[in-house]
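Taking it in order: structure first as structure tokens, then the write-up.
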Amino acid sequence: MTEHYDALETREPQAREQDLFARLPDILRRAMAAPGYAAHLAGIEPAAVTSRGALARLPVLRKSALPALHRATPPFGGFNLEAPGRFARLFTSPGPIFEAEPAERDPWCGARALFAAGFRSGDIVLNTFSYHLTPGGFIFDGAARALGCAVIPAGPGNTEQQFELIAAYRPVAYSGTPDFLKILLDGAAAAGRDATCIRRALVSGAAFPRSLQDEFTTRGIDAYQAFATADLGFIAYETGARDGLVVNEDLIVEIVRPGTGDAVPDGEVGEIVVTSLDPHHPWIRLALGDLSAVLAGPSACGRTNMRIKGWMGRADQTTKIKGMFVRPEQVAEIARRHPELGRLRLVVRREGETDAMVLRAETAAIDDSLGEAVATSLQAVTKLRGGVELLTPGTLPNDGRVIADER
């Protein structure tokens, strides 16, 4: 069986670097034709940006700034010249951040990640990422179909109906969050349903600890992880070598000191900054707010691109819960809806092998009806269910934190 998706994955690192930076000036010119980038990169001469050192002198664009930019100049904040009607699909993520899918094969560049996870043409894939408004479902759907797989667009939830689909179509592969795969497997075992046809998985959108990886292995599933975002698609992916995540082709990834655009030494944890060479919607030094670190040397699988350790937390207070970003602005919206609340803190933990969140809120009016109302607002604002704990004033620390990720 072929081990690599194409020859790009195994080329000499210097050849890859030369190719990326030879193409970058034209991408910069395209980007700066849009008013948002023209202002953001004012004074930059694209022809001079032909190395990592030159790229590092450009300002970063923080993903956390996109919601305000998109509200001010909808839909894309002035950072894209393409009219919305030129794209295939249009989405929104919490913030809101508006995203567009180019009208081309494998628009999110994920086929090679699925290939590295063992997916092959003719496989049937159960895709449980959401297809509703957010792009997650289509990101993995498009990658699988570009690889020649048939896709069951299952989305999350509705486990009983998913068992029927599994029984009818016998999918050999799964894509979705690791949490939901565990829910499916546990539910199938409890209900006496057969899900043993699933032998491979590519998971994303939530923590994938070693304990859960080992559990899937004992159940006969070879599961790999990928790092992807709604803006950029697939950024890095795990391979059979199990030695970190290999950066995707056509991307320039930097690891910088959080809050700056300055590179950290290889091996030091910092914030992931990505420049994409997508001519339809280029991103120039997009700072994701996610932490990782560069691993030394190429992967043992033969792929020669940069390797990173994978997701290592958030550089800011924005966090990802069950595949959805939750932002401090959303906690503030809950406070706005309930003026009787004082200081708030959203605490994120792991319960068993599943993400869980509890909103801790100070109030002088502790009663069950308020707790229920706040829980309803929490789900409406974040699109996720969570608990609510009402506390007397002065209980929470006065440290400015509104999201505490304790996973």
(request) Of the numbered conditions (1) on the phi > 0 side of the Ramachandran plot; (2) surrounded by fewer than 19 Cβ atoms within 10 Å (Cβ to Cβ); (3) modelled with pLDDT under 95, Gly289 fails exactly one; give the number of that condition. (result) (2)
(request) Would you tally the residues in the stretch 133-143 being outside any loop (DSSP other than H, G, I, E, B), among the hydrophobic types (A, V, I, L, M, F, W, C) and more than 17 Å from Asp6 (Cβ to Cβ)? (result) 3
(message) For a quick check of your reading: which strands (runs of 3 or more DSSP E) sit entirely within the stretch 309-370 and have at least 2 residues that are crowded, with 17+ Cβ neighbours inside 10 Å and free of Cβ contacts under 8 Å to residues at least 60 places away in the same chain?
(response) 341-351, 354-363
(message) Of the residues Ala88, Ala116, Ala143, Ala100, only one is touching a residue at least 40 places away in the same chain (Cβ under 8 Å), over 30 Å from Glu333 (Cα atoms) and in contact with a strand residue (DSSP E or B) (Cβ under 6 Å, 6 or more places away or on another chain); which?
(response) Ala116
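Condition check ((1) under 20 Å from Leu20 (Cβ atoms); (2) in the same structural domain as Pro298 (by TED's automatic domain parsing); (3) basic (Lys, Arg)) across all residues:
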residue	(1), (2), (3)
Gly187	no, yes, no
Ser211	no, yes, no
Phe216	no, yes, no
Gly220	no, yes, no
Thr229	yes, yes, no
Gly233	yes, yes, no
Tyr237	yes, yes, no
Asp250	yes, yes, no
Arg257	no, yes, yes
(request) Sort out which residues of the stretch 307-359 are over 15 Å from the mean Cα position of the chain (by Cα), closer than 26 Å to Asp186 by Cα and charged (D, E, K, R), and write them in order of number. (result) Arg349, Arg350, Glu351, Glu353, Asp355
(message) Name the residue that is farthest from Arg62 (Cα to Cα), counting only residues in the stretch 217-245 that are acidic (Asp, Glu) and modelled with pLDDT of 95 or more.
(response) Asp222
(request) Check every one of the helices (runs of 4 or more DSSP H) wholly within the stretch 37-132 and list those with 3 or more residues that are within 28 Å of Lys320 (Cα to Cα) and of a type outside the set (D, E, K, R). (result) 66-72, 111-116
(request) Evaluate the following for Ser121: is it more than 25 Å from Ile183 (Cα to Cα), out of contact with any Ser or Thr (no Cβ under 7 Å at 6 or more places or on another chain) and polar (S, T, N, Q)? (result) yes
(message) Among the residues in the stretch 210-221, are any crowded, with 21+ Cβ neighbours inside 10 Å and out of contact with any strand residue (DSSP E or B) (no Cβ under 7 Å at 6 or more places or on another chain)?
(response) yes
(message) Taking the conditions exactly as written (in contact with a strand residue (DSSP E or B) (Cβ under 7 Å, 6 or more places away or on another chain), buried (at least 17 other Cβ atoms within 10 Å of the Cβ) and assigned by TED's automatic domain parsing to the domain that holds Gly233), does Gly95 satisfy them or not?
(response) no
(message) From the list Pro153, Pro135, Pro107, exactly one residue is under 22 Å from Ala206 (Cα atoms) and buried (at least 23 other Cβ atoms within 10 Å of the Cβ). Which is it?
(response) Pro135
(message) Need the failing condition index for Gly302 against (1) of a type outside the set (Ser, Thr, Tyr); (2) buried (at least 21 other Cβ atoms within 10 Å of the Cβ); (3) modelled with pLDDT of 95 or more; (4) in the same structural domain as Ala33 (by TED's automatic domain parsing), just the number.
(response) (2)
(request) Mind telling me which of the residues Arg16, Arg57 ends up being within 27 Å of the chain's Cα centre (by Cα), surrounded by 14 or more Cβ atoms within 10 Å (Cβ to Cβ) and basic (Lys, Arg)? (result) Arg16
(message) Suppose we keep only residues that are over 18 Å from Met32 (Cβ atoms) and not charged (D, E, K, R) within the stretch 260-272. Which one would you say is surrounded by the most Cβ atoms within 10 Å (Cβ to Cβ)?
(response) Ile272
(request) Provide a single number: the residues in the stretch 265-296 that are assigned to a loop (DSSP other than H, G, I, E, B) and either closer than 19 Å to Leu20 by Cβ or in contact (Cβ under 8 Å) with a residue 12 or more places away in the chain (or both). (result) 15
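Return the residues of the stretch 155-174 that are outside any helix (DSSP H, G or I), farther than 17 Å from Phe216 by Cβ and not basic (Lys, Arg); say none if nothing qualifies.
From the stretch 155-174, those outside any helix (DSSP H, G or I) are 155-158, 170-174; that's our starting set.
Pick out the ones that are also farther than 17 Å from Phe216 by Cβ and you get 155-158, 170.
Passing the criteria: Gly155, Pro156, Gly157, Asn158.
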(message) Just to be sure I understand, how many residues within the stretch 231-264 are part of a loop (DSSP other than H, G, I, E, B) and under 18 Å from Ala315 (Cβ atoms)?
(response) 9
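The values are calculated or read from the model by the stated rules, or taken from the named source; none is laboratory data. Just so it is clear, the structure is predicted and the values come from calculations on it, not from any experiment. Cβ: placed from backbone, ideal geometry, glycine included. Neighbour counts: every protein chain shown.
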